[in-house]
Each structure stands twice: as C-alpha cells, then as structure tokens.
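Asker: Pasting in a structure now, in structure tokens, and then I'll have a few things to ask.
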Amino acid sequence: MRIGYTLMTEQAGPKALVAHAARAERAGFDFEVMSDHYFPWLDEQGHAPYAWSVLGAVAQVTDRVELMTYVTCPTMRYHPAVVAQKAATVQLLSDDRFTLGLGAGENLNEHVVGRGWPPVNVRHELLREAVEIISLLFDGGYVNYAGDHFRVDSAKLWDLPARRVPIAVAVSGSRSVQTFAPLADAMVATEPNAELCRDWDVFQGRTARKIGQVPVCWDPSEDEAVKRAHDQFRWFAGGWKVNSELPGPAGFAGATQFVRPSDVAEQIPCGPDVGPIAEAVREFAEAGFTDLALVQIGGENQEEFLEFAESDLLPALR
C-alpha cells in the first residue's frame, strides 16, 4: 500500500498548505491529495483557499510525489470543460504527477452558485456526463456534447499533456461502482469496504487503484488529541449520506452539537502512538485498497505530525 498525505484546505491557508506539501514529500509520503472546498466543515477549521491555485504552487515546490484532488465536483461550481482544462494544466506543471479525483459533491460547497441541490440520483447523472466530457477533452481535438444536463460547444484543450490525466471517481455503493468503474481509472472511497473494492475490479475488468483516506489526530497528549479531533472533526461522525446534504458550517455545528469527544475518539485514532493508526491503515489494506491518504487534524499541528511520520509512523507502516 502507498501511503499519502492530505493537504486539507479546510484547516490551513494557501501558503501553509504549500509549505506542508514540501515537508510531506521530504518526510517520505508517496503521494499528496488536496480537498477542493468553498467552505470549511466547521467554523473552528477556519479556512477554504482555492485548491487549484494552491496545486499550481505545490507542483513547483515538490518533485516526486503524485498530486491529486480528493475530490473535485465537476458539475455545479465548475463546468466539466473547465475542470478538464485545469487538470491538464496541473499535469503539465507537475511533470505528469497529477490524478484528477472527481465526486458528486456536497451541498456545503456547491450551493454558493445558487442552483439548488439536486437529489443523489441526479447528482450521479451530472457526474456521469461530466466524466464523459472530461474524458473526451483529454482525447484531444474539438468536442461537442449534448447531454441531459450539460452542453459543450466546440471545446478543445490547447495545452494537452503527453501523459493523459488519470481519472479517479468517488463511490459509495454498488450502483455508483457500476456506473463509474467503466469510465474511470481508479476508485476513491472513505470507508474500508471490501465489497466496493471487489465490485470495482469486476466492473472495470482489471485490478485497479483504489484510493482511501483516514483521519488521525496525532499529539504527544492523547487528551489534547481527542479535544482537537472533537473540536474540528466531529462532523465526520455524520457519514457521507448526511454530510453531502447540509448547506453550511452552521448546519454541521447544529447537527453535531450532541457528539461527545468519546464518540469521535472511537472513530479516529488519537494520541502519540503508532498502533491505533496502523490498525486503521490495516483495515483499508485488508479491504483491498492500494493507496491510503492520512489526514492529520489541526492546521497548526502539521509540522510535528510530519516529524513523527518521518521518524516513526511511515517506517512502521511499511
């Protein structure tokens, strides 16, 4: 399993994220993923810079690590033709180190353009058409497209990388796996679900990359780690079916007002020890994931975590 690092735009500003990216590469992480948000989940997190500008800078301060959006919604804030252009540009800037991670999005980020929030079946229809459009543009040449939700009029990527940008799509169940496995290169999921991994390979017709993500809260003090995880990551307890629907940080604050620190600690490894983190990683490995990105909770706590990762965590996991 390849171990990655998450550049979480909800908890750090743009300059800090660029510095974290360079340090994470030196620490020995295999790849780096970046969230693409307009809002943080909670006010306590306090940030939401534009991911694509940050990715351009990160491409210039790193040399080895693969870069990836985890994940971009290409259906409301962004038109898929523009997402294809951005992805091709980052691939060129990073010398072919970029993977485009796509997903159906969250109301939290997409409501800002004032188009309402469609039901999940419509969101998947939108995502399917978006993936088709992006793939056609990656093929090169002029593209015209007339779907149920999107139209493209004579679009072309003028700066197209020699290496086609791989596409990864976030899935949560069998229906989305059946829809997107034939269209994408890799799977994204946030739970160690072995059935998703098996089904993805079946519908893609080969053993493919499966990229997961797990939050951790490393701190010399377990009590401080639990406190910080509860303060900034209690939204995680809702699960994606809930988290995709709420419209803003105030909604997440209200929905999680009765989540206790102990509830968060049951879901997220907290404290100074390698063991609980390794156990969380093992669950994804046994489920069939090939790649796993760690999220260290707390924008101000990245440097000490990266020191721990370099000296203790990554050697232990490997």
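Asker: Just report the Cα centroid separation between the stretch 127-191 and the stretch 217-250, whole Å.
Answerer: 31
Asker: Quick one: putting +1 on the C-beta of Lys and Arg, -1 on the C-beta of Asp and Glu, what dipole do you get for the stretch 160-233 around its Cα centre, in Debye to the nearest 20? Spell out each step's value before the answer.
Answerer: Numbers: 9 positive and 10 negative charges, 128 e Å.
Computed about the Cα centre, the dipole is about 620 debye.
Asker: Moving to a separate point now. Based on the alpha-carbon gyration tensor of the stretch 1-62 and its eigenvalue square roots a ≥ b ≥ c, which shape applies: rounded if a/c is under 1.5, prolate if not and a/b is larger than b/c, or oblate?
Answerer: On the way: a/c = 2.09, a/b = 1.57, b/c = 1.33.
Prolate is the answer for the stretch 1-62, as a/c is 1.5 or above and a/b outweighs b/c.
Asker: Related question: Just to compare against my own numbers: the Cα pair-distance distribution for the stretch 142-297, 5 Å bins, whole % per bin, please.
Answerer: 2, 8, 14, 14, 15, 14, 13, 9, 6, 3, 2, 0
Asker: Hey, could you get me the Stokes-Einstein D for the stretch 113-189, Kirkwood radius over alpha-carbon pairs, 4 °C and 1.567 mPa s, rounded to whole µm² s⁻¹?
Answerer: Values: Rh = 13.8 Å.
The diffusion coefficient I find is 94 µm²/s.
Asker: Hey, if you drop one equal point scatterer on each alpha-carbon of the stretch 175-226 and run the Debye formula without solvent, what base-10 log of I(q)/I(0) do you get at q = 0.13, 0.24, 0.27 Å⁻¹?
Answerer: Values returned for q = 0.13, 0.24, 0.27 Å⁻¹ are -0.41, -0.83, -1.01.
Asker: Take the Cα atoms of the stretch 91-150, find their three principal axes, and give me the spread along each one in whole Å, biggest first.
Answerer: Sorted largest first, the three principal extents are 36, 26, 18 Å.
Asker: Two decimals is fine: what's Rg over Rh for the stretch 256-307, C-alpha atoms, Kirkwood radius as Rh? Kindly include the intermediate steps, with their values, before the conclusion.
Answerer: Working: Rg = 12.9 Å, Rh = 12.9 Å.
Radius of gyration over Kirkwood radius for the stretch 256-307 works out to 1.01.
Asker: Okay, next question. If you roll a 1.4 Å probe over the heavy atoms of the protein chains, what accessible area per residue do you get for the chain, in Å²?
Answerer: Values: 13350 Å² over 318 residues.
Heavy-atom SASA per residue in the chain reads 42 Å².
Asker: Mind listing which chymotrypsin sites (Phe, Trp or Tyr not before Pro) in the stretch 153-261 are in a DSSP loop and have 15 or fewer other Cβ atoms within 10 Å?
Answerer: Details: sites: W158, F180, W200, F203, W218, F233, W235, F236, W240, F252, F258; in loops: W158, F258.
The qualifying sites are W158, F258.
Asker: Here is a follow-up. If R228, R260, R206 are ordered by their accessible area, calculated over protein heavy atoms with a 1.4 Å probe, which sequence runs from highest to lowest? Kindly include the intermediate steps, with their values, before the conclusion.
Answerer: On the way: R228 30, R260 135, R206 115 Å².
Largest to smallest exposure gives the sequence R260, R206, R228.
Asker: Against the longest alpha carbon principal axis of the chain, how many degrees, from 0 to 90 and to the nearest 10, is the axis of helix 274-287 turned?
Answerer: Approximately 30 degrees, to the nearest ten.
Asker: Same structure, new question: Mind checking which aspartates and glutamates have their C-alpha under 20 Å from K156, skipping anything on the same chain fewer than 8 residues away?
Answerer: K156 reaches D96, E129, E132, D139.
Asker: May I pose another question? Measure nothing fancy, just the Cα-based angle from helix 194-204's long axis to the longest principal axis of the chain, in degrees from 0 to 90, nearest 10.
Answerer: 20
Asker: Where the accessible area of the chain is counted over protein heavy atoms with a 1.4 Å probe, how much of it, in %, is carbon and sulfur?
Answerer: Values: 6620 of 13350 Å².
Its accessible area is 50 percent carbon and sulfur atoms.
Asker: Can you tell me the orientation of helix 51-61 relative to the chain, as the angle in degrees between its alpha-carbon axis and the longest Cα principal axis, to the nearest 10?
Answerer: Its long axis makes an angle of about 70 degrees.
Asker: Counting DSSP beta bridges with both partners in the chain, what percentage is antiparallel, nearest 5?
Answerer: On the way: 3 of 35 bridges.
Bridges in the chain that DSSP calls antiparallel: roughly 10 percent.
Asker: Where does the chain land at 222 nm, in deg cm²/dmol rounded to the nearest 500, when only DSSP H runs of n ≥ 4 count, each adding -39500 (n - 2.57), divided by all residues? Let's see the in-between values first.
Answerer: Working: 14 runs with 136 residues, N = 318.
Per the formula, -12500 deg cm²/dmol.
Asker: Another question, if that's okay. Need one word for the stretch 218-285: rounded, prolate or oblate. Basis is the Cα gyration tensor (sqrt eigenvalues a ≥ b ≥ c); a/c below 1.5 gives rounded, then a/b vs b/c decides. Can you show the working numbers first?
Answerer: Values: a/c = 2.96, a/b = 1.55, b/c = 1.91.
Cα axes put the stretch 218-285 in the oblate bin.
Asker: Using the Kirkwood formula over every pair of different C-alpha atoms, what hydrodynamic radius in Å results for the stretch 55-194? Before the final figure, lay out the partial values.
Answerer: On the way: mean 1/r = 0.0643 Å⁻¹.
When all Cα pairs of the stretch 55-194 are included, the Kirkwood radius is 15.6 Å.
Asker: Tell me the GluC sites (Glu not before Pro) within the stretch 216-318 that lie in a loop according to DSSP and have at most 16 other beta-carbon atoms within 10 Å.
Answerer: Working: sites: E222, E224, E245, E266, E279, E283, E286, E300, E303, E304, E307, E310; in loops: E245.
Hits after loop and neighbour filter: E245.
The values are calculated or read from the model by the stated rules, or taken from the named source; none is laboratory data. Here the structure is a predicted model, which is why all the values come from computation and not from measurement. When we count neighbours, we look across all protein chains shown, and the Cβ atoms used for this are built from the backbone with ideal geometry, even at glycine. Heavy atoms of the whole protein, side chains included, go into the accessibility calculation; ligands, DNA and RNA do not. Shrake-Rupley method; radii C 1.70, N 1.55, O 1.52, S 1.80 Å.
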